[in-house]
Structures are given as structure tokens and as C-alpha cells.
Amino acid sequence: MTAGLDHIILGINDLDRGVAWVEKLTGVRAMFGGVHPGRGTRNALLALGPIAYLEIMSPDPEQSPPTWFTRVLTLPEPRIIGWAAHASNLSALAQAATSAGIPIDGPHDGARSRPAGGMLSWKLIRCLDDRGGLLPIILDWGESAHPAQDAPAGCHLERFHIESPDAAELQRIFTTLSLEVQVERAELPRMVARITTPRGEVELTS
């Protein structure tokens, strides 16, 4: 059931500006991924490895305002707003979390159209209290190809960690959910990603 990092969500209120910002920073231009029907958001992706990617997420002007990841409405500059892990037995993870007193939403089905054709589908669970994005969405891609496989390459995730004054409690939750992630005690909560790019090493934060 061990779950590893799947992707990092970088939020901004305008997708084109977010893509340009990331390209200037890294030297890699993210590819439009698609829209999230009923969620009010759309995205662009770039690979951070064979099974990890960066998702640039913004409001979708063709939909109603987002009801999830609502921070994208008010972010003029890109910030990490959340992350996702991948696992293969979401029902077992949800049961373990519920038994440990961690309220879970799901599993739920999700899907979106690929720009090149075909559908991408997944199942997910999430903690009802995600501690401001510090706790991840957990995904199972099922039979779908992982999005990193056809996202623009050239960047590599060197390190992702979480900082929090409640590091011990977060570590307890991660252990319960079989999540492998580094947690460090700090005065303020923060997510930090260190990425190697064609333009050198860069750091993204929440």
C-alpha cells in the first residue's frame, strides 16, 4: 500500500502566465493537459521523472469558479498549493485512515480528456482536513498511462519535503496512510520542491 509522490500542484490565477513563468524559470514549456469538468480548473503539465510531474493549475474561464483548490482564484504568482501521491489500494488506505480517526472523502472517480485524444481516468481519496494542502490527494491511475509519460521532459525532482510546527502529528498521519514523505519541524507550514532543470536547480514553495 506504500504511496509515493505523484505530482506537485502549482497554482496561479492565469494558466498562460503560469506556463510562461515556469518556462522562464526552468527552460521547459509545460504542455496543456486539459480541463477538470465540474471542478472549474484546467492545467498544464511537465514531467519531473518517469512517474512524477508538475501540474500548473488555474481557473478554467469556460466553467464556473472552482469549488476545490479555490486559492487559484487569487494567486497572481505561482505557488505550491498541494500535492498528490499514488497508491494502488485506495479502499484499504481509506479504511486504515478511518480506523485511525482521520476523516477521508472517497474513493471517487475522476476523468478528463487528453488533448491528443482519449481519456485519462483515475480514482482518488483525500483527507477532509488537508491541513492547508500539506496532506495529499491520493490517486490510483488504474489502467491509464501515467501523465508523466507524455509530459515535456527535461526536469527532475531532487527533493520534496514538508515543514510544519506540527511535524510529529503530520508524520503520524503519513505513517497511517503509508505515505513516504519527508517532514521537518519549522515555525511555519510550508511545502518545498527542489528541481533540477536545464537552467540549473530551482526551488518552488507554498
| remark: In the set Ser58, Ser121, Ser88, Ser64, the lone residue that is at pLDDT below 95, part of a strand (DSSP E or B) and either polar (S, T, N, Q) or exposed (fewer than 14 other Cβ atoms within 10 Å of the Cβ) (or both) is Ser121
| task | Answer yes or no as to whether Ser144 is without any contact (Cβ under 8 Å) to a residue 60 or more places away in the chain and under 16 Å from the mean Cα position of the chain (by Cα). | result | no
| Is it true that some residue in region 91-112 is of a type outside the set (A, V, I, L, M), surrounded by 16 or more Cβ atoms within 10 Å (Cβ to Cβ) and over 22 Å from Leu5 (Cα atoms)? | no
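Results for (1) of a type in the set (Lys, Arg); (2) surrounded by 16 or more Cβ atoms within 10 Å (Cβ to Cβ); (3) modelled with pLDDT under 95, shown as yes or no for each residue.
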{"site": "Ser164", "(1), (2), (3)": "no, yes, no"}
{"site": "Gln171", "(1), (2), (3)": "no, yes, yes"}
{"site": "Thr175", "(1), (2), (3)": "no, no, yes"}
{"site": "Glu180", "(1), (2), (3)": "no, no, yes"}
{"site": "Val183", "(1), (2), (3)": "no, yes, no"}
{"site": "Glu187", "(1), (2), (3)": "no, no, no"}
{"site": "Val192", "(1), (2), (3)": "no, yes, no"}
{"site": "Thr197", "(1), (2), (3)": "no, yes, no"}
{"site": "Gly200", "(1), (2), (3)": "no, no, no"}
| request: Quick one: which residue in Glu77, Glu55 is closer than 17 Å to Leu15 by Cα, acidic (Asp, Glu) and touching a strand residue (DSSP E or B) at 6+ places or on another chain (Cβ under 7 Å)? | output: Glu55
| task | Evaluate region 191-201: report whether one residue or more is touching a residue at least 60 places away in the same chain (Cβ under 8 Å), touching a Ser or Thr at 6+ places or on another chain (Cβ under 8 Å) and of a type in the set (Lys, Arg). | result | yes
| request: Quickly run through region 16-55 and pick out the residues that are within 12 Å of Ala151 (Cα to Cα) and either of a type in the set (A, V, I, L, M, F, W, C) or assigned to a helix (DSSP H, G or I) (or both). | output: Val28, Ala30, Met31, Phe32, Ala44, Leu45, Leu46, Ala47, Leu48, Ile51, Ala52, Leu54
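The values are calculated or read from the model by the stated rules, or taken from the named source; none is laboratory data. What you see is a predicted model; the values in this text were computed from it and never measured. With ideal geometry, Cβ positions are generated from the backbone for all residues, glycine too; neighbour counts draw on all protein chains shown.
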